[in-house]
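*Asks:* Starting off with a structure, shown below.
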Amino acid sequence: MVWFLCVCVFLVVGLALLALHLKLRRKSVHGLQEPPGLPALPLIGSLLSLRSPHPPHVLFKELQQKYGQTYSLMLGSHRVIIVNHHTHAKEVLMKKGKIFAGRPRTVTTDILTRDGKDIAFGDYSSTWRFHRKIVHGALCMFGEGSAAIEKIVCAEAQSLCSILSEASASGLALDLSPELTRAVTNVICALCFNSSYQRGDPEFEAMLSYSQGIVDTVAKDSLVDIFPWLQIFPNADLHLLRQCVGVRDQLLQNQYDKHKADYSDHVQRDLLDALLRAKRSAENNNSAEISADSVGLSDDHLLMTVGDIFGAGVETTSTVLKWAVAYLIHYPQVQRHIQEELDTKVGLDRAPQLSDRGSLPYLEATIREVLRIRPVAPLFIPHMALSDSSIGDFSVRKGTRVIINLWSLHHDEKEWKNPELFDPGRFLNSEGTGLIIPSASYLPFGAGVRVCLGEALAKMELFLFLSCILQRFTLTVPAGHPLPSLEGKFGVVLQPAKYKVNTTPRPGWERNNQPC
Ligand code: PLO
């Protein structure tokens, strides 16, 4: 009897859940259907269907075969829509950019950004818009727009090449990663704080390790981000994240205090000065609109934003450089082609400069191809619908998270011939003389309201660092070492595994030691 009752109760509850699920599925905005969904169970959501040996961006690309280009799943109790095609991606990022400009709050990003007080992870609001505007202005003034930054990047490229020379003279196989990271860090340090790190500086070493700790633990759809209540249990990742963020915040705070102490309205030494000035002038401004906006712009906001610029500026650019070197080692013919171009257009008597960009299309095409084949952030940062809306013919309810799978866009077989092949030529016209973007399915820096703020700076750095290195050296795999892995470790940025490189000075270079 008891058993019979149990079975009845089980059946009734089961049917009720199924009915509820179907009702929810049919419930739509503006009479549209919801996207097809992965099976979901109460509490755990679609977790069972997401078990896979592949990283999320690859799995999400594969799931298209079963569910179509745009589908939904449940991460715990959060509904998530995955977008794998460029038309829907552009609708989300550009056409309906403001509707989808929200950011979900998660446990890990809240720790990193003091509850979303930065720009990258912070939710969309009037404070956010104002904040982004002043950062954009400051970056234009000190970043891409200024000749000073070109000098800084060239000087760093030069000192990087000296280190590579030393390594090649001693015949040692080198892990380029710390050297590339230090060069990129120094550019950002000069830009943000008007300072730089020497080799072996303990603060720089500390920075390298805290930043890796953050990359390893933040915003990678870890379980605490899906089930926030898991925080009540001891969690090694969260512990590491808090510790790393603590170290980072102390470094940032020191710089912030120094800048505030000797701030002057008349001199702007760096980006932090420019931000301080914008904040002060907003505070002194009587205009109702601006002062209302500036209410939210606390010291924490500036500090978190400098953290963003620093983190994004270092981790992304150094990662792309590491991917570029890995691919150049795998494809020596591409390396030779770039070197021939450098030899004829720049020669050996002087270092390459930004004004050479127009005459080095093959190098530019190679950079574009690296950004396509190994996008820094294959899933970007998740977006969130701020109101009921739609994507294509599918309805989207307010609060739904939307993940754009950039990996699918950049590896779409219908858009790219042989997408896994590294072929810079696809970004050149048929004569090989001019650059093209052959497909609309290419968004390495995102698009719309939240497009990357550092795009111009990143492109400048990639060009100057790679041209300086390849003008002077040929990069090869050291004898007895394997070729670099091209697989990548998924996280908030897609990083290549560690590898070693031989840097051989090119014939004729030893004679010409022209500084940049
Ligand atoms: C990298 C590690 C740093 O210690 C903190 C940090 C800040 C900004 C993040 C960046 C990390 C990773 C790359 C991010 C960037 C903001 C924008 C950029 C996410 C976590 C991208 C690719 O969207």
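*Asks:* Do we have Gly446 as of a type outside the set (Asp, Glu), assigned to a loop (DSSP other than H, G, I, E, B) and open to solvent by less than 30 Å² (accessible area, probe 1.4 Å) here?
*Replies:* When the stated conditions are applied, Gly446 passes them.
*Asks:* Looking at Arg472, Arg374 in this structure, which one is in contact with a Cys (Cβ under 6 Å, 6 or more places away or on another chain) and either open to solvent by less than 30 Å² (accessible area, probe 1.4 Å) or under 30 Å from Val334 (Cα atoms) (or both)?
*Replies:* Matching residue, one of Arg472, Arg374: Arg472.
*Asks:* Take the residues in the range 229-255 that are more than 16 Å from the ligand (Cβ to nearest atom) and open to solvent by less than 60 Å² (accessible area, probe 1.4 Å), then tell me which one is modelled with the lowest pLDDT.
*Replies:* Of everything passing the filter in the range 229-255, Leu230 is modelled with the lowest pLDDT.
*Asks:* Oh, and also: Determine, yes or no, whether Cys154 is away from the ligand (no atom under 16 Å from the Cβ), of a type outside the set (D, E, K, R), at pLDDT below 90 and not in a loop (DSSP other than H, G, I, E, B).
*Replies:* Here the answer is no, as Cys154 does not meet what is asked.
*Asks:* Which ones in the range 363-383 are within 13 Å of the ligand (Cβ to nearest atom) and not aromatic (Phe, Trp, Tyr)?
*Replies:* Passing the criteria: Leu371, Arg374, Pro375, Val376, Ala377, Pro378, Leu379, Ile381, Pro382, His383.
*Asks:* Can you confirm whether Arg368 is modelled with pLDDT of 95 or more, over 26 Å from the mean Cα position of the chain (by Cα) and open to solvent by 10 Å² or more (accessible area, probe 1.4 Å)?
*Replies:* It is false that Arg368 is modelled with pLDDT of 95 or more, over 26 Å from the mean Cα position of the chain (by Cα) and open to solvent by 10 Å² or more (accessible area, probe 1.4 Å).
*Asks:* Here is a list of conditions, (1) buried (at least 16 other Cβ atoms within 10 Å of the Cβ); (2) within 17 Å of Arg368 (Cα to Cα); (3) away from the ligand (no atom under 16 Å from the Cβ), and Asn429 meets all of them except one; can you say which number that is?
*Replies:* (1)
*Asks:* Also, I was wondering about something else. Name the single residue that is least open to solvent (accessible area, probe 1.4 Å) among those in the range 106-140 being without any contact (Cβ under 8 Å) to a residue 12 or more places away in the chain and of a type in the set (D, E, K, R).
*Replies:* Asp110
*Asks:* Same structure again: What pairs can you find where one residue is in the range 348-372 and free of Cβ contacts under 8 Å to residues at least 60 places away in the same chain, the other is open to solvent by 10 Å² or more (accessible area, probe 1.4 Å) and of a type in the set (Lys, Arg), and their Cβ atoms are less than 6 Å apart, with a gap of 6+ or different chains?
*Replies:* Partner pairs satisfying both residue conditions: Ser359/Lys345.
*Asks:* I need the full set of residues from the range 374-405 which are under 26 Å from Trp323 (Cβ atoms) and part of a loop (DSSP other than H, G, I, E, B), in order please.
*Replies:* Residues satisfying the conditions are Arg374, Pro375, Val376, Ala377, Pro378, Leu379, Phe380, Ile381, Pro382, Asn405.
*Asks:* Checking the structure you have, find out if any residue of the range 406-425 is assigned to a loop (DSSP other than H, G, I, E, B), open to solvent by 40 Å² or more (accessible area, probe 1.4 Å) and in contact with a strand residue (DSSP E or B) (Cβ under 7 Å, 6 or more places away or on another chain).
*Replies:* no
*Asks:* Next up: Is it true that some residue in the range 452-468 is away from the ligand (no atom under 16 Å from the Cβ), open to solvent by 10 Å² or more (accessible area, probe 1.4 Å) and of a type in the set (Ser, Thr, Tyr)?
*Replies:* no
*Asks:* Moving on. Any residue in the range 383-400 that is open to solvent by 10 Å² or more (accessible area, probe 1.4 Å), in contact (Cβ under 8 Å) with a residue 60 or more places away in the chain, more than 29 Å from Leu174 (Cα to Cα) and within 16 Å of the chain's Cα centre (by Cα)?
*Replies:* yes
*Asks:* While we're on this one: Could you check how many residues of the range 290-325 are in contact with a Ser or Thr (Cβ under 8 Å, 6 or more places away or on another chain), away from the ligand (no atom under 16 Å from the Cβ) and modelled with pLDDT of 95 or more?
*Replies:* 1
*Asks:* Could you please tell me which pairs satisfy a Cβ distance under 8 Å, a separation of 6+ or placement on different chains, a first residue in the range 231-247 that is of a type in the set (S, T, N, Q), and a second residue that is more than 12 Å from the ligand (Cβ to nearest atom) and assigned to a helix (DSSP H, G or I)?
*Replies:* Close Cβ pairs satisfying both conditions: Gln231/Val107; Gln231/Val224; Gln231/Leu238; Asn235/Val224.
*Asks:* Considering only the range 340-361, I want to know if a residue exists there that is among the hydrophobic types (A, V, I, L, M, F, W, C), more than 16 Å from the ligand (Cβ to nearest atom) and assigned to a helix (DSSP H, G or I).
*Replies:* yes
*Asks:* Provide a single number: the residues in the range 213-228 that are open to solvent by less than 50 Å² (accessible area, probe 1.4 Å) and more than 12 Å from the ligand (Cβ to nearest atom).
*Replies:* Within the range 213-228, residues that are open to solvent by less than 50 Å² (accessible area, probe 1.4 Å) and more than 12 Å from the ligand (Cβ to nearest atom) number 5.
*Asks:* Search the range 52-63 for residues that are surrounded by fewer than 19 Cβ atoms within 10 Å (Cβ to Cβ) and pair each with any residue that is of a type in the set (Asp, Glu) when their beta-carbon atoms are under 9 Å apart and the residues are at least 6 apart or on different chains.
*Replies:* Note: pairs meeting the criteria are Ser52/Glu62; His54/Glu62; Pro55/Glu487; Pro56/Asp221.
The values are calculated or read from the model by the stated rules, or taken from the named source; none is laboratory data. No experiment lies behind these values; they were computed from the predicted model shown. As a convention, Cβ positions derive from the backbone with ideal geometry for all residues, glycine included, and neighbour counts pool all protein chains shown. We work out accessible area using only protein heavy atoms, side chains counted, and drop any ligands, DNA or RNA first. Shrake-Rupley method; radii C 1.70, N 1.55, O 1.52, S 1.80 Å.
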